[in-house]
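Written below as structure tokens is the structure these notes are about.
Quick note: the coordinates plus some simple rules give every number you see, no bench work behind them. Because the structure is a prediction, the values reported are computed rather than measured. Note: ideal-geometry Cβ built from the backbone for every residue, glycine included; neighbour counts use all protein chains shown.
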Amino acid sequence: MPQVIRIERHGGPEVMEWIELPMPAPGPGEVLLRQTAIGLNFVDVYQRTGLYPTSLPAVMGSEGAGVVEALGSGVTAVNVGDRVVYQGAPGAYAETRVVPAERLIRLPAGIDDRTAAAAFLKGTTVSFLLLRTFKVARGHTVLFHAAAGGVGQIACQWAKALGATVIGTVGSNDKMAVAQANGCDHVINYRTENFAERVKEITGGAGVEVVYDAVGKDTFYGSLDCLKPLGMFVSFGNASGVVPEFPIRLLQQKGSLFATRPAGQHYLGKRSDLEAAAASLFAVLVDGSVKIEIGQTFPLRDAAQAHRALEDRKTVGATVLLP
């Protein structure tokens, strides 16, 4: 029987168990997938802790790459032997698993499985952040928090390729070079500098069109202070805790700002949207506009260790779990 990482209660990394589970045959519209690489994302932490409600018991994870081994009835989008990648399908922390075929995307020959698993959820997220939530264009100045992280590295490279001036923040001096190497024109250590003041200095007092913030509580108010009038605050994570409640008039007082909390299930829930985001991601990966750094790998059985490293902000770039 295949091994999986499962939780029966919410809590710290110690609640993840490495166990055997029987694998059912794929049903109608499903595929049996032998996994070759699994992506680690902060959303996994949120589900493990219960910040994002999850029915228990649950196999962790929602992103992976692998090879199709069997098809359920009615599946026509993929064939046995295809290399595929997916995201948004809970149950990824497994050696072998059953996946809805509609969530699978065939991989181009130029993208290997580890890169796909490292980049797909993060990269399709970046696709809707930069191309749909706020349409980044040449001449814009953007602020991206956690610029040395997995999402940040992809986003800063991609925003630079779109013609934007990119300001990135990081949480330590050793991550500043990483951010610079991944498209940032300016890098700020938000632990040692007042990032809002530095953004105003960099922009000559004008501010930025958009702030992308996955840090949350620690950066929220400063992020609003970085925006031009009519600018947009995009919150897409809570690494330091959830954004505090605030009176809606604060947005008017800060410059008639916009604030949004986008989520993949809404931007990528339709098959057509997922295909479009995947195509845009594959294009920038293949043409070299975006390069993926896999900063560390862990055996799948050591997923708890990987979670600790991610939560302690000891990871750089993407993290991949290997079955």
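Computed values, structure above
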{"quantity": "Dipole of the chain [Lys/Arg +1, Asp/Glu -1 at C-beta], most positive-end residue of PRO262, ALA303, PRO22", "calculated": "PRO262"}
{"quantity": "Cα Rg over Rh - the stretch 1-141, Kirkwood", "calculated": "1.01"}
{"quantity": "Lys/Arg +1, Asp/Glu -1 at C-beta; the chain dipole; positive extreme among GLY123, GLY205, VAL142", "calculated": "GLY205"}
{"quantity": "Ordering of 180-192, 286-298 by packing [mean C-beta count within 10 Å, highest first]", "calculated": "180-192, 286-298"}
{"quantity": "Solution diffusion estimate, µm²/s, Stokes-Einstein, the stretch 100-217, Kirkwood Rh from C-alpha pairs, 20 °C, viscosity 1.002 mPa s", "calculated": "143"}
{"quantity": "Test item: Cα-centred dipole of the chain, Lys/Arg +1 and Asp/Glu -1 on Cβ, debye", "calculated": "600"}
{"quantity": "Residues MET16, MET232 arranged by fewest to most Cβ contacts within 10 Å", "calculated": "MET232, MET16"}
{"quantity": "DSSP beta bridge pairing in the chain, given as percent antiparallel to the nearest 5", "calculated": "55"}
{"quantity": "Long-range Cα-Cα pairs in the chain (distance over 26 Å), rounded percent", "calculated": "46"}
{"quantity": "Alpha-carbon centroids, the stretch 265-318 and the stretch 25-43: separation in whole Å", "calculated": "15"}
{"quantity": "Packing rank of 33-44, 219-230, where each peptide gets the mean count of other beta carbons within 10 Å, highest leading", "calculated": "33-44, 219-230"}
{"quantity": "Axial C-alpha extent at least 15 Å, average Kyte-Doolittle at least 0.0 - helices from the chain (DSSP)", "calculated": "113-128, 150-161, 271-286"}
{"quantity": "Unsatisfied cross-links (Cα-Cα over 22 Å) in the set LYS160/LYS270; LYS122/LYS160; LYS228/LYS270; LYS135/LYS270; LYS217/LYS291; LYS200/LYS254", "calculated": "LYS160/LYS270; LYS228/LYS270; LYS217/LYS291"}
